[in-house]
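Below you'll find the structure, written out as structure tokens, and then a few comments.
FYI, it's all coordinate maths here, none of it is from the lab. These numbers come from a predicted model, not from an experiment. Neighbour counts are summed over all protein chains in view; Cβ atoms, including those assigned to glycine, are modelled from backbone coordinates with ideal geometry.
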Amino acid sequence: MKKNLFFASFTMLLLLILSSSGCKEKEDLKDRFFSIEEADMNLEFGSTPENKIILVKTNLSLNDWKAESEANWLFLSTQEDASQGASLKISATANTSGERRTAVVKLLSPVQNYILNVTQYGSSDIVLSEDIKVQPSGGKASECQPGQDIENTWDGKFSADGANPYHSPWGKSANFPVTLEYYFQGGADIDYLIYYTRSGNGNFGEFDLLIATDEGHSDWKKYGSYNFRMQNAPSKITFKTTQKVTGIKFEVKSGASNFVSCDEMEFYRYNQENTLEKTLLTVFDDITCSTLKEGVTDEQINALPDYFVRLAKALQNNTYDAHEKEFRIREYAPYSIPEEWATKLMTKKYSNLDNPTGISVQQGDEIIVLVGDTHGQQISLQSIWESGQEYKQTNVSGEVYFLSPGVNKLTMRKEGQLFVMYNTDLTSPDAQPIKIHIPMGSGKVTGFFDLKEHKTDEKYAELLKKATHKYFCVRGERIMFYFHTAKMQEFVPNQILSAINLWDDIIGWEQELMGIEDVRPSQVNNHIFAISPEGSYMWATDYCIGFVYTYLNNILLKENVMAAKDNAWGPAHEIGHIHQAAINWPGSTESSNNLFSNYVLYKLGKYCSRGSELNDLADSRFVYKKAWYNMGDATHQGEDTEIHMRMNWQLWNYYHRCGHNPKFWQTLFKLLREDRIIESDPGAAQLKFAMKASEAANEDLTDFFDLWGFFIPGEDTIDQYGTWKYKVTAEMIKEAKDFMKKFPKPKHAFQYIEDRKAGDTGLDTKPSDTGYYTQFEGEVKPISSNIVYSVSGRKYTVENGENAVAFELRKNNAEGELIYFFNMFSYDIPTGVDLTNTQLYAVQADGKRIEIHKK
Ligand SMILES: [Zn+2]
């Protein structure tokens, strides 16, 4: 009874609640809304797993509406979050059936119901007629290792499978040029050829390609010159037009380790039966399939393979997602060949990954790549991924897939992000942009930021937010960042311009000193590729520079770069290693690049330069009797970089900052690229540097380099990134000095120039009293006739010496041997210096020595 009563009253209560809420619902319904975009009512999915988010405009709570579907290949979830409001996420599993399938999704709410039509396309149903392989009827090599003759190159068997390649005789340098002739009896039509290396000795370097069209294949005509750069990867040559030949001949002029080898040489002609391309051209304007022909009918569209139906419909209905389209359809600009320019400009190799696609792939993905007119240029796709046992690091090369004009169907051998490889001679009229379309369903768009194209921080923030891959690419003018997306999102979610401009500038300043403005960017335009390894710290090598990913906040935020002197110094030093070769020799490798880092500090305009006080030079030379190559206390690879780096920086301060020859370094770089330092002979190298510096300055720099210890005969070993024999003889010194004598004496004694003074930001040395760079500018200020000195023990004190640039202790007279120098008004001469019969002189900026009398 009690129970019944309770039940009755509970029911009453429930009714009361329900009826009251019912009333409220009816009342509020007119204020409630629930809608989706019309475009979202027809959804198309590719064959690979894919998610779509449908935004729902509603003020209903998440419990008041729902989505349902009977398709077992669709997964639905409704969600609500503060930033984008309510949404429906539809996930489609892979469609491996090869057939298109459809489903409906019902979106149900008290306000409004929707039916969404979903189509998922089948996995690629594109059948490409393969190109026709043309088998040579015979051939001849100018020389070979017994058993490794030319017929091994058309047996269809690769050395990876244990087959023999062609190889020039073992144990000796090949007799260049080595010729490989291929014959095609009765003539053959050939569109392209592929050279497979055996990945090692003998990989082709430079060669001429000749063709014969006469019956006896004896009348060879040169078709072109090539350089496969001895790389461990296949190379392809596509003829501009089909060649009807009886013979093809390679005249190989260089090969890896002075051998010549070839695993396989394949010749092809395009398949004229390629009906797919003909069919596509009935619907699309051109083979990149990026626009529809005017007046195209549904019937024509539906006659296409399924893969292209989806594409055509998206173009027709204007439903090709703008973000996807931006990255899937692009024109790719030509870039120079970094290997070639590294040799010419004496730098480490810049990157060849200048053309990101913003599309990532998984291993096993089958992708379609639609390539427009290639203007006869060789292009390929390369997928870039990471490797490493201890820690992960981005690779600078990966799987390469050759591209031909037209439809390319490729199976991805490894995962990664795709880059278009289009590296060529920029002066060629054929170096034209190439249009490439990687349509929907092929790979996944992650996007990238290009400074020239995307311009603003807002666009960067938008693109970074949409990024789907582990790495995100930012392309500036001279540098490309390829960093962890998550780190960029963490450190710089909304701004990139200050960082990309800063690093473009830093590299630009370094390039500016090298005197390459005549070729960059007209002939050489590659980027430096910066990656973010998950270990190590900071380094530079061929093809890339690395900044450990935990350090990215220090290089991506200008205020962090500027926050400490070393933050910019470190990277500028590393990038300096890329650029230093022309002015470098063993024993200087960790300092000659600091010309660049000091210049970068100067250009950044906050911190003063770096390096020892000149007193260290005085001690090295006159107390410890050291020469240039071994002065100071070795800190970096057997070198005292702190002293060494001042020499180049003095030259810059005097010629550039004081304006006496603002093209000095550019000229010196050019001279040393024309007539190069031989690395294996550091003694001769240092003298050559002194001579070329005199030539660049058009002044006799004997006194300058004398103070820097260049003219001290001796023999020794230098250990720096190798072991080098160092030898400087009296004869070599005479020869150098005789050469330098041809030029007039410099107008100043600038071996004493300093650019640091008390109060400078970043000052980490004791500033000198004399020799500040402004003393070398304009009219020479005469030294006061009241200059006097006093001496107490070994401490010399000079009065009224303000206009001197340094003080010298010389034996007997002004022409006498230099015993020591200092640039302070009061200085303790080290005990190692013999002061007997010495005279103190004040050096005037113009080099005049003025005797100082005792007070
Ligand atoms: Zn270094």
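Quick rundown of the values:
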read-out	value
Proxy reagent accessibility, fewest Cβ within 10 Å first, across His644, His853, His656	His853, His656, His644
Cβ-based exposure ranking for Lys452, Lys742, in which fewest neighbours within 10 Å come first	Lys452, Lys742
Square roots of five times the Cα gyration tensor eigenvalues for the chain, Å	65, 43, 20
3J(HN,Hα) from dihedral phi, region 711-720, Karplus parametrisation 6.51/-1.76/1.60, rounded to Hz, x for glycine, proline	10, 10, x, x, 9, 6, 10, 10, 9, 7
At most 15 other Cβ within 10 Å, DSSP loop - trypsin sites (Lys or Arg not before Pro), region 744-787	Lys747, Lys757
Under 14 Å from Lys854, Cα to Cα: aspartates and glutamates that are on another chain or at least 8 residues apart	Glu799
Selected from Ile384, Ile678, Asn615, residue furthest toward positive end of dipole (the chain; charges at beta carbon)	Asn615
C-alpha center-to-center spacing [region 183-218, region 651-667] in angstrom	52
Tail beyond 14 Å, pair distance distribution of region 306-389 (Cα, percent)	76
Under 19 Å from the Cα of Lys795 - aspartates and glutamates, other chains or at least 8 residues apart	Glu613, Asp616, Asp619, Asp769, Glu808, Asp828, Asp834, Glu851
Directionally averaged shadow of region 765-855, computed from the convex hull of its alpha-carbon atoms, nm²	6.0
Size of electric dipole in the chain: Cβ of Lys, Arg +1 and of Asp, Glu -1, about Cα centre, debye, nearest 20	1440
Rounded if a/c under 1.5, otherwise prolate or oblate - region 599-715, Cα gyration tensor axes	oblate
Sequence of Asp263, Asp700, Asp81 once ranked by neighbouring C-beta atoms within 10 Å, starting from the fewest	Asp81, Asp700, Asp263
Loop GluC sites (Glu not before Pro), region 279-333, which have at most 15 other Cβ atoms in a 10 Å radius of their Cβ (DSSP)	Glu294
Computed [θ] at 222 nm, deg cm²/dmol, the chain (DSSP H ≥ 4; -39,500 (n - 2.57); rounded to nearest 500)	-7500 deg cm²/dmol
Between region 736-811 and region 529-546, the alpha-carbon center distance in angstrom	42
Global form of region 105-160, assessed from the alpha-carbon gyration tensor, a/c cut-off 1.5	prolate
For region 701-855, alpha-carbon Rg and Dmax in angstrom	17.7, 54
Cα-based reach from Lys293 at 19 Å (exclusive), listing lysines while leaving out same-chain residues under 8 positions away	Lys278, Lys313, Lys325, Lys435
Centre separation in Å (Cα based) which lies between region 106-165 and region 382-450	16
Filter on Lys757/Lys855; Lys444/Lys487; Lys253/Lys444; Lys157/Lys240; Lys89/Lys470; Lys349/Lys470 - keep pairs with C-alpha separation over 32 Å	Lys253/Lys444
DSSP-loop GluC sites (Glu not before Pro) across region 227-281, with at most 14 other Cβ within 10 angstrom	Glu273
Restraint check, Lys688/Lys848; Lys133/Lys221; Lys565/Lys848; Lys603/Lys670; Lys737/Lys766, Cα-Cα greater than 32 Å	Lys565/Lys848; Lys737/Lys766
Label-reachable residues, region 125-141, where backbone N falls under 12 Å from a point 7 Å from Glu277's Cα toward its Cβ	129-132
